[in-house]
Amino acid sequence: MGAPPSQPGSGRLVSLDAFRGLTIAAMILVNNPGSWGAVYPPLLHAEWHGWTPTDLIFPFFLFIMGVAMLLSFDGRLARGADRADLMRHVLRRSAILFGLGLFMAAYPTFTGWDTIRIMGVLQRIALVYLIASIYYLYLPRWRIWAKGVGILLLYWAAMTLIPVPGFGAGDLSPGHDLGSWIDRTLLGQEHLWRDDPWDPEGLFSTLPAVVTTLLGIAAGRIMTDLSEPRDRLVAMTSAGGVLVTVGYLWGLVFPINKYLWTSSYVLFTGGLAFLFLALCYWTIDVKGWRRWATPAVIYGMNAIAVFVLSGLLTKTLGRIHVGGPDGPSAYSWIYQTVFLTWLSPVNASLAFALSYVGFWLFMMWLLHRRGIFIKI
């Protein structure tokens with residue numbers, strides 16, 4: 001997904017591009033440590049219940065997608081676009097995203113369709129984008145919010161009240177929950193994440209992820225309905241504070257959990273996304289402090305492209321062996337030779353990840369300066 005560059009006075013939210021870029025850069029950072037055995041805890045997901053800063057990245061991206069979706073659709077509808085045309089565009093984009101996700105799952109060791117992982121990050125983005133777009137384009141506003149509340153309540157009820165064969169009702173331990181059972185039943189164990197009996201981007205947990213994007217749509221509505229920066233900031237910070245509080249309290253009975261994408265997780269992370277967007281909006285669009293955000297904007301203008309390309313390069317480096325087939329992968333060799341020789345393992349691992357982020361910033365800068373924005 002790409003777009004023309006933001007310019008002061010253009011009416012475009014530079015803060016949204018920066019927020020997107022910071023989120024993608026953080027995703028690349030946590031996905032590419034020099035060694036998974038040497039990582040600072042905040043750069044890892046929570047083991048199960050609970051959260052770390054890493055657990056904010058994916059919901060932040062889905063939230064941003066909701067904001068951008070509203071601004072884009074409203075603009076195109078105002079210029080006379082037909083909803084059916086927009087829906088065809090949504091279907092095409094969703095299919096491309098899902099296909100890219102399957103390609104990344106298959107690359108570089110495709111062993112057959114009978115074992116490929118069906119769901120994944122891009123596949124979830126595709127499904128969430130499709131469902132949220134249908135809601136936004138064809139439902140009145142009150143029904144969109146009713147759908148969001150209904151999904152969260154029904155998901156909570158289903159996960160805690162419906163008995164799972166062999167485990168009973170309300171068992172939220174890994175692989176014992178209703179969502180994991182549905183994924184194993186509908187997708188098959190061979191199509192899940194690695195050999196785990198659950199998938200972090202499973203089918204059932206994609207439903208509450210839709211609400212994360214609906215919260216982004218709500219933030220976008222604040223931007224379009226309110227014209228005064230002060231009113232926007234008050235509305236976003238108020239919404240963020242309420243959502244964080246309700247999410248935290250709900251988490252006392254339905255734990256905050258990224259892997260299950262629990263209802264409490266949706267509200268808690270959505271509230272933090274509201275607050276972070278408000279901070280970006282205040283510093284960049286209101287105060288005009290834009291220079292610091294330039295690298296983030298560069299990342300944000302080619303977000304999906306850099307996510308896909310960086311993932312493909314990581315997998316490629318992992319398949320190339322230095323010094324023969326029994327030698328270390330090129331990925332490990334760079335970490336060990338360039339960073340581990342003068343830093344402790346955990347700092348070397350972080351330095352590798354930061355360098356990887358810097359490398360892709362340079363690559364995206366080359367595209368940005370030539371006005372190349374890869375759209376899907």
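The values are calculated or read from the model by the stated rules, or taken from the named source; none is laboratory data. The model shown is predicted, which means the values in this text are computed figures rather than measured ones. We place every Cβ from the backbone using ideal geometry, glycine too, and count neighbours over all the protein chains shown. The area values use the complete protein model at the heavy-atom level, side chains included, leaving out ligands, DNA and RNA. Shrake-Rupley method; radii C 1.70, N 1.55, O 1.52, S 1.80 Å.
Filtering L77, L44 for residues that are without any contact (Cβ under 8 Å) to a residue 24 or more places away in the chain and within 30 Å of R319 (Cα to Cα) leaves a single hit, L44.
If the condition is being among the hydroxyl-bearing types (S, T, Y) and either open to solvent by less than 40 Å² (accessible area, probe 1.4 Å) or at pLDDT 90 or above (or both), then the stretch 88-111 contributes S94, Y107. Within the stretch 185-223, the set of residues being open to solvent by 60 Å² or more (accessible area, probe 1.4 Å) and of a type in the set (S, T, N, Q) comprises T185, Q189. Candidates L272, L260, L279: the one that is without any contact (Cβ under 8 Å) to a residue 40 or more places away in the chain and of a type in the set (A, V, I, L, M, F, W, C) is L279. I want to confirm something. Restricting to the stretch 114-141 and keeping residues that are under 22 Å from the mean Cα position of the chain (by Cα) and assigned to a loop (DSSP other than H, G, I, E, B), which single residue is farthest from S205 (Cα to Cα)? Once the filter is applied, the top-ranked residue is I116. Only one entry of Y155, Y135 meets the criterion of being farther than 19 Å from A219 by Cα and hydroxyl-bearing (S, T, Y), and that entry is Y155. Look at (1) of a type in the set (S, T, N, Q); (2) open to solvent by 40 Å² or more (accessible area, probe 1.4 Å); (3) under 24 Å from I217 (Cβ atoms) and you find that T23 fails only one, number (2).
Screening R124 with (1) touching a helix residue (DSSP H, G or I) at 6+ places or on another chain (Cβ under 7 Å); (2) surrounded by fewer than 19 Cβ atoms within 10 Å (Cβ to Cβ) gives one miss only, at (2). Considering (1) in contact with a helix residue (DSSP H, G or I) (Cβ under 7 Å, 6 or more places away or on another chain); (2) within 24 Å of A132 (Cα to Cα); (3) of a type outside the set (A, V, I, L, M, F, W, C), the lone condition that P197 does not fulfil carries the number (2). The condition of being exposed (fewer than 15 other Cβ atoms within 10 Å of the Cβ), modelled with pLDDT of 95 or more and closer than 30 Å to P174 by Cβ holds for only one of Y265, Y248, that being Y248. Taken together, the residues in the stretch 132-157 that are open to solvent by less than 50 Å² (accessible area, probe 1.4 Å) and in contact (Cβ under 8 Å) with a residue 24 or more places away in the chain amount to 10. Among the listed residues A303, A293, identify the single one that is under 30 Å from V234 (Cα atoms), modelled with pLDDT under 95 and under 19 Å from the mean Cα position of the chain (by Cα). Going through A303, A293 in turn, just one is under 30 Å from V234 (Cα atoms), modelled with pLDDT under 95 and under 19 Å from the mean Cα position of the chain (by Cα): A303.
Checking every residue in the stretch 20-29 against the condition of being closer than 25 Å to L260 by Cβ and free of Cβ contacts under 8 Å to residues at least 12 places away in the same chain gives zero matches.
Step by step: first the residues of the stretch 319-354, then only those that are surrounded by 16 or more Cβ atoms within 10 Å (Cβ to Cβ) and among the polar types (S, T, N, Q), then the one that is nearest to V297 (Cα to Cα). Which residue is that? Ranking the qualifying residues of the stretch 319-354, first place goes to S349. Within the stretch 297-306, the set of residues being in a helix (DSSP H, G or I) and either among the β-branched types (V, I, T) or surrounded by 23 or more Cβ atoms within 10 Å (Cβ to Cβ) (or both) comprises V297, I298, Y299, G300, M301, A303, I304, V306. Is one or more of the residues making up the stretch 312-328 assigned to a helix (DSSP H, G or I), out of contact with any strand residue (DSSP E or B) (no Cβ under 7 Å at 6 or more places or on another chain) and under 30 Å from H89 (Cα atoms)? Yes, because at least one residue in the stretch 312-328 is assigned to a helix (DSSP H, G or I), out of contact with any strand residue (DSSP E or B) (no Cβ under 7 Å at 6 or more places or on another chain) and under 30 Å from H89 (Cα atoms). Using the structure shown, decide if L178 is within 30 Å of R92 (Cα to Cα) and either surrounded by 12 or more Cβ atoms within 10 Å (Cβ to Cβ) or modelled with pLDDT under 95 (or both). Here the answer is no, as L178 does not meet what is asked. The residue list G37, G80 contains one member that is surrounded by fewer than 23 Cβ atoms within 10 Å (Cβ to Cβ), modelled with pLDDT under 95 and under 28 Å from W333 (Cα atoms), which is G37. Tallying residues that are closer than 25 Å to D195 by Cβ and more than 18 Å from the chain's Cα centre (by Cα) within the stretch 89-102 yields 0.
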